[in-house]
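So the structure is just underneath, and the comments pick up after that.
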Amino acid sequence: MKKQIIYILLLLFVNSVSAIEIKELKLMPYPKSVNLLDGKFKVDENFNLEVSQNSERLKIYSNKFLMRLANRTGLFLNNPFVNESKNPNAIIDIQRIGLVKLNEDESYELNISDIKIHLKANTDIGAIRGIETLLQLLQIDENGYYFPTCKIIDSPRFPWRGLLIDVSRHFIPIEVLKRNLDGMAAIKLNVMHFHLSDDQGFRVESKTFPKLTELGSDGNFYTHEQIKEILNYANNLGIRVMPEFDVPGHSTALLTAYPELASLPFNYKIERKWGVMDPTLNPTLDKTYDFLDKLFKEMSELFVDEYFHIGGDENNGNQWNANLDIQKFMKENNIPDNSSLQGYFNNKLLKILTKYGKKLVGWDEIFHPSMPNNIVIQSWRGKEALIESAKKGYQTFLSNDYYIDLIQPTDFHYLNDPIPADANLTEEQKKFILGGEATMWAEMISAETIDSRIWPRTAAIAERFWSPQNINDVENMYKRLEYISYLLEEHDLQHIKNFERMLRRLTNNNETESLRNLISVIEPVKFYQRNNLREQTQQTPLTRVIDAATADAKAAREFNQLVENYLSEKNNLELKNKIIQQLNFWKNNHTEFLETAKKSPILFEIIPMSENLCKLSKIGLEVLELSSTKKKMNNELFNSIFEFIQKVKLPVAQTELMIVNSIENLLNIVKE
Ligand code: ACM
């Protein structure tokens, strides 16, 4: 007994305090400092909250907090609105109203005792960040609900923590944006990067140039009033909204309305396909700058944020190369190449935006020696531009490897640090790295699926931007993420709920269980493969199995871990039996799935995947049985199975089976 106690004490001591606390508290982003005590603040009808009177934003947020608390607990609060009681047991104190600007103070301190909650912050924005931590802290015991007593001191690692939402490729309605803004606030993101124009649509009304939406939007755009509504909504959450108008490339929709600004004459039409397109503004014409001056003036007044994104990415130069006047202009002005011509263009835009009090932001293509270092570089093609920018004194932030549209697993993004380990930067240079942005490009999403592409992965990315760098345990992150994902439903986010609806549609309202089992081990193909395998347009349905499937197929991840554990411990019968049980389950799933698929033609394309899962399961079972006898497989059979497994690695209906490698690893046990 004594020995055991010593052992436990030793364990407690050896593990860092924060590691133990993380196991207990499902917080995300994990705070800078958590001191967990062993008391409880009971949450009952008497819970009542007082907040500093001067902040309207905080009052709105705190009343929402009380509603969320009541909704979760079912409690009829005696004081369901803030500042109703003379004897508050929860107090939110702030020093001043925060500005929704870069580098605003978002720190907070949360003290919870048995009888009192005290949330202190310099600004109301810090208080909002603290309220979210408090809501994540809510616990349950046999008596009901409580907050654990603790002291939390927290502030962000980076000031720029963003999510780009592309509303050009597929239009995203306002209510979807609002619920995603709520989700962003819940995990302490503070910038919505609003990608408003691209080849496939110009999405904001211009009173100066009404043709932009008349001809370039299919009627899907936000009016000024609607933009103000979004900005106001975001402001109340302490979230900045940075607009992006992508020029000189990615501008087909704009040129559909104003073809006279193009580098080549053409009957431009809104682009319906995906990829890098030729249409490009003509940087040698005065009228191009007149147009952009007026447009940016109007948009600078509408969008209040100090930062204004001009895109600048993926200008392939084809139109510039083909236009003899542009070539002549370059010669006459000693402009040696297209990159320098774009530098010329960007310098003009910088003057315009400076005139309107804005700071210019652009994708890393705009990083050119001719540009002064008061611009901001968003690094997406790699880390090089980020590191170079920081070295040369440009502010910069990272999006490379935060491309959530590419369907990579959460841990991949989670371990991608805004300050790359090999960056070799001085402390002074590191300060130029402002943070990062996840990017929700919208070629392959609809209003129905966008939430499941953003969440829950973006919560883990948000932790990377907010929490100390050494909070990086992947297994622990996944454990917390599952709970946080569930909490995010509180904002009407539909990443979990829409899955069920999609299954019903896919099965034509027949049984969904066998399809659910299949989808739990498959993922959409990664990177840009989806469009390469089968070209899509703006009108392609986004209701297929690939759209219901998500990154991080959970059953596959768990199975792969099980197999990995078993392979390092082959005498462990419990592990082996678990594998056998799972494989039998998948093997048998196929029969039922076939019955369902027969009744729903939209599923025909995925039948071979179910068949593959069944066959792989049989292979796994045979291997395990053979290995029990300590026998090996004869070479011929081994090779034919090996070949089959290689075939199964190929995508079916643009999805991948995520357990193939584990079966291959099992097969190797019986290799002669
Ligand atoms: C980009 O992904 N073209 C910035």
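Tabulated results
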{"read-out": "Tally of residues being within 20 Å of residue 308 (Cα to Cα) and away from the ligand (no atom under 16 Å from the Cβ) across the stretch 389-403", "value": "4"}
{"read-out": "Subset of the stretch 403-443 (residues that are out of contact with any helix residue (DSSP H, G or I) (no Cβ under 6 Å at 6 or more places or on another chain) and of a type in the set (Phe, Trp, Tyr))", "value": "403, 412"}
{"read-out": "Residue tally, condition within 16 Å of the ligand (Cβ to nearest atom) and either among the basic types (Lys, Arg) or at positive phi (or both), over the stretch 221-259", "value": "1"}
{"read-out": "Residues of the stretch 408-464 satisfying the condition of being within 23 Å of residue 244 (Cβ to Cβ), in a loop (DSSP other than H, G, I, E, B) and among the small types (Gly, Ala, Ser)", "value": "442, 446, 447"}
{"read-out": "First in the stretch 433-457 and under 24 Å from residue 541 (Cα atoms), second anywhere and in a loop (DSSP other than H, G, I, E, B) and within 15 Å of the ligand (Cβ to nearest atom), Cβ under 6 Å, 6 or more apart", "value": "439/399; 442/169; 443/169; 443/274; 453/445"}
{"read-out": "Only one of 173, 159 that is under 22 Å from residue 218 (Cβ atoms) and open to solvent by 10 Å² or more (accessible area, probe 1.4 Å)", "value": "173"}
{"read-out": "Output for the stretch 221-235, where each listed residue is over 20 Å from the mean Cα position of the chain (by Cα) and either within 20 Å of residue 170 (Cα to Cα) or at pLDDT below 95 (or both)", "value": "221, 222, 223, 224, 226, 227"}
{"read-out": "In the stretch 121-153, residue surrounded by the fewest Cβ atoms within 10 Å (Cβ to Cβ) [restricted to those that are among the small types (Gly, Ala, Ser) and either within 29 Å of the chain's Cα centre (by Cα) or farther than 20 Å from residue 76 by Cβ (or both)]", "value": "130"}
{"read-out": "Residue count, the stretch 404-432 (criterion: on the phi < 0 side of the Ramachandran plot and within 16 Å of the ligand (Cβ to nearest atom))", "value": "6"}
{"read-out": "Residue within the stretch 91-98 that is touching a residue at least 12 places away in the same chain (Cβ under 8 Å), among the aliphatic types (A, V, I, L, M), within 16 Å of residue 30 (Cβ to Cβ) and part of a strand (DSSP E or B) present", "value": "no"}
{"read-out": "Test for residue 460: is it under 12 Å from the mean Cα position of the chain (by Cα), among the small types (Gly, Ala, Ser) and away from the ligand (no atom under 16 Å from the Cβ)", "value": "yes"}
{"read-out": "Which listed residue, of 254, 341, is assigned to a helix (DSSP H, G or I), within 31 Å of the chain's Cα centre (by Cα) and within 23 Å of residue 361 (Cβ to Cβ)", "value": "254"}
{"read-out": "Subset of the stretch 359-388 [among the hydrophobic types (A, V, I, L, M, F, W, C) and either assigned to a helix (DSSP H, G or I) or more than 15 Å from the ligand (Cβ to nearest atom) (or both)]", "value": "360, 366, 371, 375, 385, 386, 387"}
{"read-out": "Extreme residue, farthest from residue 162 (Cα to Cα), among residues of the stretch 207-234 that are among the β-branched types (Val, Ile, Thr) and open to solvent by less than 60 Å² (accessible area, probe 1.4 Å)", "value": "213"}
{"read-out": "Members of the stretch 281-303 found to be touching a residue at least 40 places away in the same chain (Cβ under 8 Å) and either within 16 Å of the ligand (Cβ to nearest atom) or in a loop (DSSP other than H, G, I, E, B) (or both), listed by number", "value": "282, 283, 284, 303"}
{"read-out": "Residue 29, sole failed condition from (1) modelled with pLDDT under 95; (2) assigned to a loop (DSSP other than H, G, I, E, B)", "value": "(1)"}
{"read-out": "Boolean, residue 448 is open to solvent by 10 Å² or more (accessible area, probe 1.4 Å) and within 15 Å of the ligand (Cβ to nearest atom)", "value": "no"}
{"read-out": "Every residue from the stretch 397-431 that is more than 23 Å from residue 472 (Cα to Cα) and either crowded, with 17+ Cβ neighbours inside 10 Å or touching a residue at least 24 places away in the same chain (Cβ under 8 Å) (or both)", "value": "429"}
{"read-out": "Some residue of the stretch 304-314 being in a helix (DSSP H, G or I) and either open to solvent by less than 20 Å² (accessible area, probe 1.4 Å) or in contact with a Phe, Trp or Tyr (Cβ under 9 Å, 6 or more places away or on another chain) (or both)", "value": "no"}
{"read-out": "Hey, residue 578 open to solvent by 90 Å² or more (accessible area, probe 1.4 Å), in a loop (DSSP other than H, G, I, E, B) and without any contact (Cβ under 8 Å) to a residue 60 or more places away in the chain or not", "value": "no"}
{"read-out": "One residue from 117, 165 being among the β-branched types (Val, Ile, Thr) and either at pLDDT below 95 or over 22 Å from the mean Cα position of the chain (by Cα) (or both)", "value": "117"}
{"read-out": "Test for residue 370: is it open to solvent by 50 Å² or more (accessible area, probe 1.4 Å), closer than 30 Å to residue 421 by Cβ and out of contact with any Asp or Glu (no Cβ under 7 Å at 6 or more places or on another chain)", "value": "no"}
{"read-out": "Breaking point among (1) within 24 Å of residue 561 (Cα to Cα); (2) surrounded by fewer than 17 Cβ atoms within 10 Å (Cβ to Cβ); (3) within 17 Å of the chain's Cα centre (by Cα), for residue 523", "value": "(2)"}
{"read-out": "Within the stretch 495-519, tally of residues that are part of a loop (DSSP other than H, G, I, E, B) and buried (at least 20 other Cβ atoms within 10 Å of the Cβ)", "value": "2"}
{"read-out": "Unmet criterion (only one of (1) more than 26 Å from the chain's Cα centre (by Cα); (2) more than 30 Å from residue 535 (Cβ to Cβ)) for residue 322", "value": "(2)"}
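Yes/no matrix, rows are residues, columns are (1) polar (S, T, N, Q); (2) more than 29 Å from residue 415 (Cβ to Cβ):
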| residue | (1), (2) |
| --- | --- |
| 472 | yes, no |
| 485 | yes, no |
| 494 | yes, no |
| 521 | no, no |
| 534 | no, yes |
| 551 | no, no |
| 555 | no, no |
| 559 | no, no |
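Let's see how each residue does on (1) surrounded by fewer than 20 Cβ atoms within 10 Å (Cβ to Cβ); (2) touching a residue at least 60 places away in the same chain (Cβ under 8 Å); (3) within 35 Å of the chain's Cα centre (by Cα):
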site	(1), (2), (3)
612	no, no, yes
617	no, no, yes
646	yes, no, yes
653	no, yes, yes
662	no, yes, yes
672	yes, no, no
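The values are calculated or read from the model by the stated rules, or taken from the named source; none is laboratory data. Nothing here was measured: the structure is a model prediction, and the numbers come from that model. All Cβ positions, glycine included, derive from the backbone under ideal geometry; neighbour counts span all protein chains shown. Surface accessibility is based on the protein's heavy atoms, side chains included, excluding ligands, DNA and RNA. Shrake-Rupley method; radii C 1.70, N 1.55, O 1.52, S 1.80 Å.
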